[in-house]
Amino acid sequence: MGNEFYIEKLRQMLKTQFGRDMETPADFSDLSDDIRDKLKCSTMSATTLKRLFGYIKYDKDISLSSLSLLARYLGYSGWNAFCMNDKSESGFISEEIIYSKSLIKGDSVLFEWNPNRSCVAEFLGNDRFLVKDAQYCKLEIGDTFTTTQFILNNPLIITDLIQVRMPGEPPKKYVAGNKSGLTKLRKAKKNK
């Protein structure tokens with residue numbers, strides 16, 4: 001696995017531990033303060049945190065010393081220990097899951113993935129969904145697809161994608177959130 005896998009894992013764990021989605025300058029400043037308080041005299045600038053989370057553009061890699069400091073904040077002895085802790089290729093899923101079999105026709109699922117992509121899909125029955133809204137992604141309103149489950153922080157595998165702008169084309173396969181998985185997931189009941 002590449003370094004990006006571990007950096008994305010680091011981002012997700014930092015958000016979980018700190019309890020925020022890291023969306024505002026205040027979030028980064030507060031996390032910087034929390035790191036300083038918990039690690040006693042170690043500092044992590046809010047600017048470095050903004051770069052790590054992609055809040056500001058930065059073309060270079062985050063330094064190893066910064067990654068090690070963040071790993072220590074999460075309870076590891078350093079960056080290598082953080083990366084070594086995840087060598088298993090299998091494990092139990094503890095994330096939120098929405099199964100299509102638990103939905104009723106007309107229910108909707110909102111899902112988001114990086115960078116800033118989102119979709120609302122209405123359940124049609126038999127594992128089929130209709131795209132009702134889509135932002136900054138290849139899915140478009142009116143597309144239909146098949147999936148059996150949506151799992152937070154895991155890629156969404158879509159099969160039998162029929163795109164309205166490509167009539168007559170054979171169904172396609174599509175993955176949303178291939179590297180970092182779905183970043184947000186919510187079910188909405190059908191309006192009665």
- Note on the structure: Cβ pairs under 7 Å, 6+ apart or interchain, first in the range 15-35 and in contact (Cβ under 8 Å) with a residue 24 or more places away in the chain and surrounded by 11 or more Cβ atoms within 10 Å (Cβ to Cβ), second in a loop (DSSP other than H, G, I, E, B) and of a type in the set (Gly, Ala, Ser), ordered by first then second residue, are 35/42
- Enumeration of residues in the range 163-192 that are surrounded by fewer than 18 Cβ atoms within 10 Å (Cβ to Cβ), in contact with a strand residue (DSSP E or B) (Cβ under 7 Å, 6 or more places away or on another chain) and either touching a residue at least 60 places away in the same chain (Cβ under 8 Å) or in a strand (DSSP E or B) (or both): 172, 173, 175, 184, 186, 187, 188
- Residue check for residue 17: assigned to a helix (DSSP H, G or I), among the polar types (S, T, N, Q) and touching a helix residue (DSSP H, G or I) at 6+ places or on another chain (Cβ under 9 Å): yes
- Determine whether the range 54-65 contains at least one residue that is among the small types (Gly, Ala, Ser), assigned to a helix (DSSP H, G or I), at negative phi and modelled with pLDDT of 90 or more. no
- When you go through (1) farther than 22 Å from residue 183 by Cα; (2) assigned to a helix (DSSP H, G or I) one by one for residue 28, which number turns out not to apply? (1)
- Message: Here are the criteria: (1) touching a residue at least 40 places away in the same chain (Cβ under 8 Å); (2) more than 19 Å from the chain's Cα centre (by Cα); (3) not in a helix (DSSP H, G or I). Tell me which single one residue 122 does not satisfy.
- Response: (1)
- Out of all the residues in the range 12-51, which are more than 10 Å from residue 73 (Cβ to Cβ) and touching a Phe, Trp or Tyr at 6+ places or on another chain (Cβ under 6 Å)? 22, 46, 49, 50, 51
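The values are calculated or read from the model by the stated rules, or taken from the named source; none is laboratory data. Fair warning: this is a prediction, and the values are worked out from it, not measured in the lab. Every residue, glycine among them, receives a Cβ derived from its backbone with ideal geometry; neighbour counts consider all protein chains shown.
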